[in-house]
Amino acid sequence: MSSITVVRVELVKERSLKYVGSRRIRCAEDAAYIFREYIGNADREMFVTIILSAKHIINAINTVSLGILDASIVHPREVFKPAILSNASSVIVGHNHPSGDPEPSPEDVAVTRRLVDAGKILGIDVLDHIVIGDKDRFVSLKARELL
């Protein structure tokens with residue numbers, strides 16, 4: 001007689017992010033502010049997902065990948081797993097460029113398009129991809145029409 005492993009998947013609340021203002025994302029600037037607060041001055045790339053309700057209220061924030069100085073590995077399953085568990089209607093993804101230059105790379109654009117395609121299959125919209133630079137600089141791939 002063989003055994004079958006029974007598993008349960010659940011989200012674990014790690015911490016709360018202190019944020020002054022609305023928990024509703026209305027524009028790219030709102031998302032950029034949240035990413036900057038969460039990522040801070042990280043010395044390597046961090047790829048993060050803001051998970052949103054149908055009314056664009058933040059349900060959760062998840063670190064997808066902590067990379068090296070100039071790259072991070074991102075796969076759709078790691079982006080959408082916490083989104084599904086958090087009952088997401090949509091997500092906004094973002095990452096930092098430790099160099100300080102928020103100009104998106106060709107790899108950033110390719111990853112974004114792959115995530116948009118995966119999200120369409122799952123019924124979870126990828127609303128934007130924000131690249132954070134130094135100071136208050138950021139780039140919205142949606143604003144650049146690269147989604």
Residue satisfying all of: in segment 102-112; of a type in the set (Asp, Glu) and open to solvent by 20 Å² or more (accessible area, probe 1.4 Å); modelled with the lowest pLDDT among these: GLU107
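Could you list all residues from segment 84-101 that are of a type outside the set (Ser, Thr, Tyr), over 19 Å from ASP125 (Cβ atoms) and open to solvent by 70 Å² or more (accessible area, probe 1.4 Å)?
We begin by selecting, within segment 84-101, every residue of a type outside the set (Ser, Thr, Tyr); these are 84-85, 87-88, 91-98, 100-101.
Next, only the ones that are over 19 Å from ASP125 (Cβ atoms) stay: 96-98, 100-101.
Within segment 84-101, just ASP101 meets the criteria.
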Single unsatisfied condition, ASP43 versus (1) open to solvent by 70 Å² or more (accessible area, probe 1.4 Å); (2) touching a His at 6+ places or on another chain (Cβ under 9 Å); (3) not hydrophobic (A, V, I, L, M, F, W, C): (2)
Complete set of residues in segment 1-58 that are on the phi > 0 side of the Ramachandran plot and at pLDDT 95 or above: HIS56
Of all residues making up segment 130-147, the number that are in contact with a strand residue (DSSP E or B) (Cβ under 6 Å, 6 or more places away or on another chain) and not β-branched (Val, Ile, Thr): 4
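The values are calculated or read from the model by the stated rules, or taken from the named source; none is laboratory data. Worth saying up front: this structure is predicted, and the values here are computed from it rather than measured. Please note: Cβ atoms are built from the backbone with ideal geometry, for glycine as well, and neighbour counts cover all protein chains shown. Note: accessible area is taken over every heavy atom of the protein model, side chains too, but ligands, DNA and RNA are not part of it. Shrake-Rupley method; radii C 1.70, N 1.55, O 1.52, S 1.80 Å.
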